[in-house]
Amino acid sequence: MKRLWTALICAIVLAGLAITSAQQRPPISNVLLVTLDGLRWQELFGGLQANMLTKEAGGIGTAAPVGQRFGGTTPEERREKMMPFFWNVIATQGQVFGDPSRNSHARVTNGLLFSYPGYNEILSGFPDPRIDSNNKILNPNVTVLEWLNRRPGFDGRVAAFASWELLPWIVNAQRSGIHANGDGAPVAQPTTDRDRLLNDFAADLPPYWGTTRFDAPTGFGALEYLRTHRPRVMYVMLGETDEWAHGRRYDLYLDAALRNDRFIKRLWETAQELPEYRNRTALIVSTDHGRGDTTADWTSHGQKVPAAERIWIAVMGPGIPALGLRSGVTVTQSQIAATVAALLGEDYSGAQPKAALPLDLQR
Ligand SMILES: [Zn+2]
């Protein structure tokens, strides 16, 4: 009898351990990371800012329909008009960091507050004073993308798309071997009529900014790659929000955010249609820097615009509690890299001691 009890207790303990280990196995196999270059927290959380609707502040002509498209009486109403998927899906099913009205702070730590230092901080998990320009310098740091690409199960299954031609330098494509598409034809090896049409269409768009292409070919290239190559980690760096802001085109800046939101919705819904990704995929959305806080300097960012250190970060995925807008918590841009890895059950900050710890998504 005593032996039976011992066997029974052993069986219960073993069953308990099995359940615990099943619970601890990450429910996420894939991560999609999307950044919207220099989209301010002021618009993300508050939508259209009325003081920008002048020629002098926002470059808005009297006939521009921007007020009708994006206006509203509350911040909630305005931000939902600008980014409906972000607010109706990501913010309700996931978590959003950086709303100052909730004493939630998301900060850039590199002090330089412009693009390459920000992308390095996002992808490497730490600021690096050697990266102090937007020049085409191969990133000396092994980013979390490159690190994951060397991990078992991820080899050749990490990809990056960008509207900014610096992408291959930022992810050091030469060394990392990551598929990095930052300019030119969005489908690197076209095999179908659909691929060729997309490349022809992209080539017929105006090279309006030179070093940055429009976000549409970037997004469609990324969607095609997801469908055809099924990467486990895909990074998409969108660029128009920053370019229109530098050009003091507040109307097109808001419009770019709306189109970026539509892309994120497409990306998410495309993933949910594919068996490898359905209910196995997490999404992180953020930005490389903020911008000035006034009607004069909202167009700008950098060391002379300290308000640009404030950013925002959103995360959604299976097993991530739907805590919505996070309150009373301070996070940093440098936490994104280890968060990407941690969602996949990988310990990046353990392997790279300079990297910040993953975001605490369990509160
Ligand atoms: Zn930027």
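What net charge is computed for the residues neighbouring ARG278, neighbours being all others with C-beta under 13 Å from the C-beta of ARG278, Lys and Arg scored +1, Asp and Glu -1?
Neighbourhood net charge equals -1.
Report, in deg cm²/dmol and to the nearest 500, the calculated mean residue ellipticity at 222 nm for the chain, where each DSSP H run with n ≥ 4 adds -39500 (n - 2.57) and the sum is divided by the residue count.
-11000 deg cm²/dmol
Along the three principal axes, how long is the chain when you take its alpha carbons, biggest first, rounded to the nearest angstrom?
Extents along the principal axes, in whole Å: 89, 47, 40.
Could you tell me whether region 218-296 comes out rounded, prolate or oblate from its Cα gyration tensor? Rule is a ≥ b ≥ c as square roots of the eigenvalues, rounded for a/c under 1.5, then prolate if a/b exceeds b/c, otherwise oblate.
prolate
For region 206-263, which chymotrypsin sites (Phe, Trp or Tyr not before Pro) are both in a DSSP coil and crowded by at most 16 other Cβ atoms within 10 Å?
Working: sites: TYR208, TRP209, PHE214, PHE220, TYR225, TYR235, TRP244, TYR250, TYR253, PHE263; in loops: TYR208, TRP209, PHE214.
Sites meeting the loop and neighbour criteria: TYR208.
Per residue, how much accessible area does region 159-303 have with a 1.4 Å probe, in Å²? Write out the running numbers ahead of the final one.
Numbers: 5860 Å² over 145 residues.
I get 40 Å² per residue for this part.
Which stretch or stretches of region 214-255 have amide N atoms under 12 Å from the point lying 7 Å from ARG194's Cα along the Cα→Cβ direction?
221, 223-229
Write down the percent of antiparallel bridges among all DSSP beta bridges whose residues are both part of the chain, to the nearest 5. Walk me through the intermediate numbers first.
Values: 10 of 35 bridges.
Within the chain, antiparallel bridges account for around 30 percent of the total.
Just in region 138-242: which trypsin sites (Lys or Arg not before Pro) are loop by DSSP and have at most 11 other Cβ atoms within 10 Å? Provide the component values of the computation, followed by the final result.
On the way: sites: ARG150, ARG157, ARG175, ARG194, ARG196, ARG213, ARG227, ARG232; in loops: ARG150, ARG157, ARG213, ARG232.
In loop regions of region 138-242 (DSSP not H, G, I, E or B), there are no sparsely surrounded trypsin sites (Lys or Arg not before Pro).
Return the carbon/sulfur percentage of the accessible area of region 79-194, one whole number, probe 1.4 Å, all protein chains in place. Kindly include the intermediate steps, with their values, before the conclusion.
On the way: 2170 of 4530 Å².
After summing per-atom areas, the C and S share lands at 48 percent.
Within the accessible area of region 217-363, what % is carbon and sulfur when the probe is 1.4 Å and the other protein chains stay in place? Spell out each step's value before the answer.
Values: 2580 of 5260 Å².
Carbon and sulfur together cover 49 percent of it.
In a shell of Cβ-Cβ distance under 14 Å around VAL331, excluding VAL331 itself, what net charge do Lys and Arg (+1) and Asp and Glu (-1) give? Numbers along the way, then the final one.
Details: positive: ARG102, ARG107, ARG310, ARG326, ARG363; negative: ASP99, GLU121, GLU309, ASP360.
Net charge around VAL331: +1.
Helix 115-124 against the longest principal axis of the chain: what's the angle in degrees, Cα atoms only, rounded to the nearest 10?
Orientation of helix 115-124: about 0 degrees from the principal axis.
On average, how much accessible surface per residue is there in region 318-358, in Å², for a 1.4 Å probe, leaving out ligands, DNA and RNA?
Working: 1530 Å² over 41 residues.
On a per-residue basis, region 318-358 sits at 37 Å².
DSSP loop (so not H, G, I, E, B), at most 15 other Cβ within 10 Å: list which GluC sites (Glu not before Pro) in region 197-294 pass both filters. Write down the numbers at each step before the final one.
Numbers: sites: GLU224, GLU240, GLU243, GLU269, GLU273, GLU276; in loops: GLU276.
Passing sites in region 197-294 are GLU276.
From the square roots a ≥ b ≥ c of the eigenvalues of the alpha-carbon gyration tensor of region 264-317, which class results: rounded (a/c under 1.5), prolate (a/b over b/c), or oblate?
The shape class here is prolate.
For ASP132, what accessible area in Å² do you get when you roll a 1.4 Å probe over the heavy atoms of the protein chains, rounding to the nearest 10?
Ignoring ligands and nucleic acids, ASP132 comes out at about 100 Å².
Once the Cα atoms of helix 193-203 and of the chain are each reduced to a long axis, what angle between those two axes, in degrees from 0 to 90 to the nearest 10, is obtained?
Taking Cα atoms only, the helix is inclined about 40 degrees.
Just the projected area, averaged over all directions, of the convex hull on the alpha carbon atoms of region 60-116: how many nm²? Each step should come with its number before you reach the end.
Numbers: hull surface 25.7 nm².
For the Cα atoms of region 60-116, the hull's average projected area reads 6.4 nm².
For LYS81, go through the aspartates and glutamates and keep the ones whose alpha-carbon is under 12 Å away, minus same-chain ones fewer than eight residues off.
GLU43, ASP255, ASP261
Sum up the charges of everything whose Cβ sits under 11 Å from the Cβ of ARG107, counting Lys and Arg as +1 and Asp and Glu as -1, but leave ARG107 out. Spell out each step's value before the answer.
Values: positive: ARG310; negative: GLU121, GLU309.
Local charge sum for ARG107: -1.
The values are calculated or read from the model by the stated rules, or taken from the named source; none is laboratory data. Please read all numbers here as calculations on a predicted model, not as lab measurements. Every residue, glycine among them, receives a Cβ derived from its backbone with ideal geometry; neighbour counts consider all protein chains shown. Just so you know, the surface numbers come from the protein's heavy atoms only, side chains and all, with ligands and any DNA or RNA stripped out. Shrake-Rupley method; radii C 1.70, N 1.55, O 1.52, S 1.80 Å.
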